[in-house]
Amino acid sequence: MTAVPDIMLNDGRTIPQFGFGVFQIRPEDTAAAVATAVQAGYRHIDTAEMYGNEKQVGEAIARSGLDRADVFVTSKLGNDSHRPDDARRAFGESLKALGFDYVDLFLIHWPLPTRYGGDYVSTWKTLVEFYRDGRARSIGVSNFQPHHLRRLHEESQTRPAVNQVELHPYLTQSGLRAFCAEHEIAVEAWSPLAQGLVLDDPEIVSIAGRVGKTPAQVVLRWHIERGDIIFPKSVTPARIKENIDIFDFELSGEDVERISALDRGERTGPDPDTFRG
Ligand SMILES: NC(=O)c1ccc[n+]([C@@H]2O[C@H](COP(=O)([O-])OP(=O)(O)OC[C@H]3O[C@@H](n4cnc5c(N)ncnc54)[C@H](OP(=O)(O)O)[C@@H]3O)[C@@H](O)[C@H]2O)c1
């Protein structure tokens with residue numbers, strides 16, 4: 001039986017530490033994948049306007065028989081909608097596509113520091129409106145570097161509850177994690193498996209053999225031990241079940257350190273300082 005821990009956010013709300021990501025799942029495959037995940041015990045879904053599958057996520061949850069309140073759903077603002085009026089319209093469209101009157105968490109997807117005159121602060125202040133009116137229970141950011149976060153601290157009274165960033169054994173983000181810990185911003189690790197890249201690593205394969213779990217389970221458990229929030233993606237039913245089956249074992253401190261030492265500063269996705277969306 002699974003027992004996914006909750007993480008307390010700086011706004012007093014909680015988020016399940018483990019969930020299901022739907023990036024790169026085709027709209028026509030999304031409802032089935034989400035239904036499999038919900039049946040396997042997932043209660044946290046991470047989508048985005050840019051994934052083009054918010055509608056199918058909402059439909060799968062509606063059909064699941066669960067109360068809306070029992071599933072934590074995150075969505076994210078599209079990169080073409082950073083201007084306040086565009087953000088207001090886009091947020092309304094996300095809610096409509098999901099078929100919800102609120103999301104549990106809404107994020108600025110990318111800081112886009114070389115677009116919109118580098119003004120992600122106005123975008124952030126617009127998300128604060130959604131938080132205040134209750135349509136976003138929590139708000140946060142994604143792909144923000146410490147210097148982007150520092151600017152939000154200086155120019156807004158409201159702290160992001162989370163920062164969702166690329167993070168896996170080949171990109172352990174120690175500086176950014178320390179900054180977020182100091183400012184009580186929860187870290188969400190996207191591409192927790194580095195899209196599969198880390199699963200053949202000899203160190204990970206060796207630990208998996210020793211503890212009797214798969215390489216994917218070992219990597220996901222490493223994230224859990226470190227306290228980060230994860231939502232691995234899969235369209236493969238057996239893997240969807242395998243990935244949540246990580247709450248019946250622990251890694252030793254030494255094994256956590258061994259995996260952390262695999263860091264190579266290697267991104268699989270874009271650099272947030274230069275990405276233009
Ligand atoms: N904020 C952002 O900018 C951002 C960017 C990227 C991702 N994300 C979020 O993070 C979520 C997860 O990241 P991701 O989808 O990029 O990558 P990921 O979860 O690290 O890896 C997904 C890949 O690994 C495979 N896989 C999954 N479980 C496996 C297992 N047990 N054994 C072997 N292979 C396995 C999947 O294959 P199959 O599907 O074929 O089974 C898929 O190819 C996304 O879905 C999205 O919600 C956010």
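Points worth noting:
- Placing pseudo-labels 7 Å out from each Cα toward the beta carbon at Val235 and Asn10 gives an inter-label distance of 3.8 nm.
- Taking all protein chains into account, the per residue accessible area for the range 51-200 stands at 39 Å² (1.4 Å probe).
- Rg over Rh [alpha-carbon atoms, Kirkwood Rh] for the range 216-277: 1.04
- Note on Arg68 and Ser122: the extension gain reaches 16.4 nm, defined as 0.36 nm multiplied by sequence separation minus the Cα-Cα distance.
- Phi to ³J(HN,Hα) by Karplus 6.51 cos²θ - 1.76 cosθ + 1.60 over the range 231-236, Hz, x for Gly, Pro: 8, x, 9, 7, 9, 9
- Full extension of the chain between Arg88 and Val205 gives 37.5 nm of extra length, using 0.36 nm per residue less the Cα-Cα distance.
- Assuming charge only on the beta carbon of Lys and Arg (+1) and of Asp and Glu (-1), the dipole of the chain about its Cα centre is about 500 debye to the nearest 20.
- Counted over the chain, the DSSP beta bridges are approximately 15% antiparallel.
- Mean sequence separation of contacting Cα pairs (under 8 Å, at least six apart), scaled by the length of the chain, corresponds to a relative contact order of 21 percent.
- Other residues lying with their Cβ under 14 Å from the Cβ of Pro270 contribute a combined charge of -1, Lys and Arg counting +1, Asp and Glu -1.
- Surface share of carbon and sulfur [accessible, 1.4 angstrom probe, percent] for the range 146-277: 47
- Per atom type, the range 1-126 shows carbon and sulfur on 48% of its accessible surface, probed at 1.4 Å.
- Calculated from the alpha-carbon coordinates, the chain shows an Rg and a Dmax of 17.9, 54 Å respectively.
- If you plug the beta carbon distance of Asp271 and Arg26 into 1/(1 + (r/R0)^6) with R0 = 25 Å, you get a FRET efficiency near 0.40.
- In the chain, taking the dipole from charged Cβ atoms about the Cα centre, the farthest positive-side position among Ala87, Pro192, Val57 is held by Ala87.
The values are calculated or read from the model by the stated rules, or taken from the named source; none is laboratory data. Just so you know, these numbers come straight off a predicted model, no measurement behind them. Methodologically, a virtual Cβ is constructed for each residue, glycine included, from the backbone with ideal geometry; neighbour enumeration extends over all protein chains shown. Keep in mind that these areas ignore ligands, DNA and RNA; they rest on the heavy atoms of the full protein, side chains included. Shrake-Rupley method; radii C 1.70, N 1.55, O 1.52, S 1.80 Å.
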